[in-house]
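Participant: Please read through the structure below; I'll follow up with questions.
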Amino acid sequence: MITVDEYRFSKRKTLAVSIDPVGRVIVRAPKGYPQKKIDDFLQKKAAWIESHSRIKRERAADILPSSLDGYLLPFLGGQLRLVVSPVKRAKEESGALYLPMVNPESALKNWLKRQAREIFLSRTIYWQDKMGVRCRSVSVSSAKRRWGSCSGKDEIRYTYRLLYAPMEMIDYVVVHELAHIRHKNHSALFWKEVSAYMPDCFSRRAWLKKHALYLELF
Ligand SMILES: [Zn+2]
């Protein structure tokens, strides 16, 4: 019997099962879909669900921290060693990030958000000029399901967790969101625009998909 971690009922027409980056089993189903049919479907897919969920749980256990102190945080393509120590506020020094003993995790998040604002804003300005577009605003979120977004009013948001990726991947998300100013969809024209500025956009996108687990970090 498969244990489902989360059901998402919506207006969709078909049933689907997926495994999230930490190995949780997610079932998406149309509203009011009979449980019996869901169970039969899961039964049929049981072998696939179990093996994929196990592989992802094992990967997550390797990457996700058991404790903050000593953890090697992926950061802009390199690593920062986290050190919880008697400092007043978070500070970076020669490859280590020192965190205060009181609320180290919130100190870490605040430090990351400060870096994120500065870096993402400057990359957005850089690419805006190249692409000849203007967004209305740039802000930093704590989103866990997406790296970035562009609203109908051209307000761009990036999750601070994008800092766990190398700079090329950050640039990909920037170009992707800026391309949404002209194309509010993922049409062929949208991808043509992204590719025009970044011919290897699909391999960068694949990297981010493969590292979706980073969205679960802190
Ligand atoms: Zn998009």
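The values are calculated or read from the model by the stated rules, or taken from the named source; none is laboratory data. Quick caveat, the model's predicted, so the values are computed rather than measured. Every residue, glycine as well, gets a Cβ built from its backbone with ideal geometry; the counts of neighbours run over all protein chains shown. Calculation scope for accessible area: heavy atoms of the full protein, side chains included, ligands and nucleic acids excluded. Shrake-Rupley method; radii C 1.70, N 1.55, O 1.52, S 1.80 Å.
Participant: Rank ARG114, ARG204 by accessible area, highest first, at a 1.4 Å probe radius?
Facilitator: ARG114, ARG204
Participant: Find the accessible area per residue for region 104-216; the probe is 1.4 Å, ligands and nucleic acids are left out, and the unit is Å².
Facilitator: 50 Å²
Participant: How would THR14, THR3 rank on accessible area, largest to smallest, probe 1.4 Å?
Facilitator: Largest to smallest exposure gives the sequence THR3, THR14.
Participant: Could you work out the equivalent-ellipsoid semi-axes for region 104-216, taking the square root of 5 times each eigenvalue of the Cα gyration tensor, largest first, in whole Å?
Facilitator: Semi-axis lengths for region 104-216 are 23, 16, 12 Å.
Participant: Using helices alone, what [θ] at 222 nm do you get for the chain, with -39,500 (n - 2.57) per DSSP H run of 4 or more residues, divided over all residues and rounded to the nearest 500?
Facilitator: For the chain, the value works out to -13500 deg cm²/dmol.
Participant: Can you tell me the equivalent ellipsoid semi-axes for the chain? Use √(5λ) from the Cα gyration tensor, largest first, whole Å.
Facilitator: Those come to 32, 27, 15 Å.
Participant: Using a 1.4 Å probe, what is the accessible area per residue for region 6-63, in Å²?
Facilitator: 66 Å²
Participant: Enter the accessible area of ASP62 (Å², nearest 10), with the probe set to 1.4 Å and all protein chains included.
Facilitator: The accessible area comes out at roughly 130 Å².
Participant: How large is the accessible surface of HIS176 in square angstrom, using a 1.4 angstrom probe and rounding to the nearest 10?
Facilitator: We get 20 Å² for HIS176.
Participant: Rank these by accessible area, largest first, 1.4 Å probe: LEU208, LEU76, LEU121, LEU189.
Facilitator: LEU189, LEU121, LEU76, LEU208
Participant: Within the accessible area of the chain, what % is carbon and sulfur when the probe is 1.4 Å and the other protein chains stay in place?
Facilitator: Taking all protein chains in place, the chain shows 52 percent carbon and sulfur surface.
Participant: Hey, what does the equivalent ellipsoid look like for region 6-63, semi-axes from the Cα gyration tensor as sqrt of 5 times each eigenvalue, largest first, whole Å?
Facilitator: Three semi-axes, in Å: 24, 13, 7.
Participant: Suppose each label sits 7 Å from its Cα in the direction of the beta carbon; what would the MET101-ARG57 distance come out to in nanometres?
Facilitator: 3.6 nm
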